[in-house]
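*Asks:* I have a structure here, written as structure tokens, and I will follow up with some questions on it.
Every number here is computed from the coordinates shown, using simple stated rules; none is lab data. What you are looking at is a predicted structure, and each value in this text was computed from that prediction instead of being measured. We place every Cβ from the backbone using ideal geometry, glycine too, and count neighbours over all the protein chains shown.
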């Protein structure tokens, strides 16, 4: 099968997968706003990107209160309001943890979970969140408090499903134990980083809870912040790369580490595989993630229409 026929076959249909054991079907490819909305993407471009996603069958848009201090959600919300997609045809998410500098503006206490939810609803211009994630675990808040807070939001109709992001398998299991003991709604999904270079959690740490709990996953950074596209193979950071954005210096420094140099050598070898089967390196990396049966959706982070079309 040549490149042309492969791409035409892919365009025929978007696959939809159940989010874990839930009945919610989300697109195997989804779209997120981390690092792009509020930095590279304004409302005008967001409308074009979201339209391209929606017309291609994507029905899940990912966001968080921490992304550009809420501006990312505001841009996405303004774009969705203008586009007027029927609310029952797409899902939107937010995440709670980093809301501000004050003690009550961060973490996953009952107060901040509630405050952050209402703020996200306002910024995103929606009446409810389809998915609501605890962006990170927190040692100073009892897990019982967080589980109760999420359960209450679902009972109030403000959240449909709740989950975690970058929690350990033990922390996720504890949340399920608390929910079961108190007849509460447990977390439905986890959002870990997953790509060819970041595999431990999804392929090892979570295997037991996948089998016991039936957890869904919406994975982020399938392209390893662009490393798996091959654009960093010359060890030069493109000017328009997210690694050159102010506030994301950690991404920049990561590309010059010894580990990154070794990974680039691997990407150069993998490009030959991509060329042989008739696709780009980015397409190979995304398809590789989708082959994992525990992946519910791969979150794309494109800031250009051309990138979305390729992905």
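*Asks:* I want the antiparallel fraction of DSSP beta bridges within region 92-241, as a percent rounded to 5.
*Replies:* 10 percent
*Asks:* Using a Förster distance of 35 Å, how high is the FRET efficiency between residue 199 and residue 144, based on the Cβ-Cβ distance and rounded to 0.05?
*Replies:* 0.65
*Asks:* Rounded if a/c is under 1.5, else prolate if a/b beats b/c, else oblate: with a ≥ b ≥ c from the C-alpha gyration tensor eigenvalues square-rooted, which is region 12-139?
*Replies:* Oblate shape, in that a/c is at least 1.5 and b/c is the bigger or equal ratio.
*Asks:* Hey, another quick one. Could you give the angle, 0 to 90 degrees to the nearest 10, between helix 258-277's Cα long axis and the longest principal axis of the Cα atoms of the chain?
*Replies:* 70 degrees
*Asks:* State the extension gain, in nm to one decimal, for the chain segment bounded by residue 305 and residue 89, taking 0.36 nm per residue of separation less the distance between their alpha-carbons.
*Replies:* Difference between extended and current length: 75.6 nm.
*Asks:* Of all DSSP beta bridges in the chain, what percent run antiparallel (nearest 5)?
*Replies:* 15 percent
*Asks:* Compute the distance in nm between two label points, each set 7 Å from the Cα along the Cα-to-Cβ direction, one at residue 257 and one at residue 156.
*Replies:* With each label point 7 Å from Cα toward Cβ, the separation is 3.9 nm.
*Asks:* To the nearest 10 degrees, how steep is helix 143-155 against the longest Cα principal axis of the chain, on a 0 to 90 scale?
*Replies:* That helix lies at roughly 90 degrees to the long axis.
*Asks:* For region 94-225, calculate the relative contact order in percent as a whole number, restricting contacts to Cα pairs under 8 Å that are 6 or more residues apart.
*Replies:* 20 percent
*Asks:* State the extension gain, in nm to one decimal, for the chain segment bounded by residue 44 and residue 13, taking 0.36 nm per residue of separation less the distance between their alpha-carbons.
*Replies:* 8.4 nm
*Asks:* With r as the distance between the Cβ atoms of residue 56 and residue 82 and R0 = 22 Å, compute the FRET efficiency 1/(1 + (r/R0)^6) and round to 0.05.
*Replies:* So, using R0 = 22 Å, E works out to roughly 0.70.
*Asks:* Determine one quarter of the surface area of the Cα convex hull of the chain, which equals its mean projected area, and express it in nm² to one decimal.
*Replies:* 15.8 nm²
*Asks:* Quick one: helix 169-181 against the long Cα principal axis of the chain, what's the angle to the nearest 10°, folded into 0 to 90?
*Replies:* Roughly 30 degrees, rounded to the nearest 10.
*Asks:* Suppose a student asked you for the relative contact order of the chain, using Cα pairs under 8 Å spaced at least 6 residues apart; what percent would you report?
*Replies:* Computed over the chain, the figure is 19 percent.
*Asks:* Gap in Å between the Cα centre of region 183-221 and the Cα centre of region 51-70?
*Replies:* 20 Å
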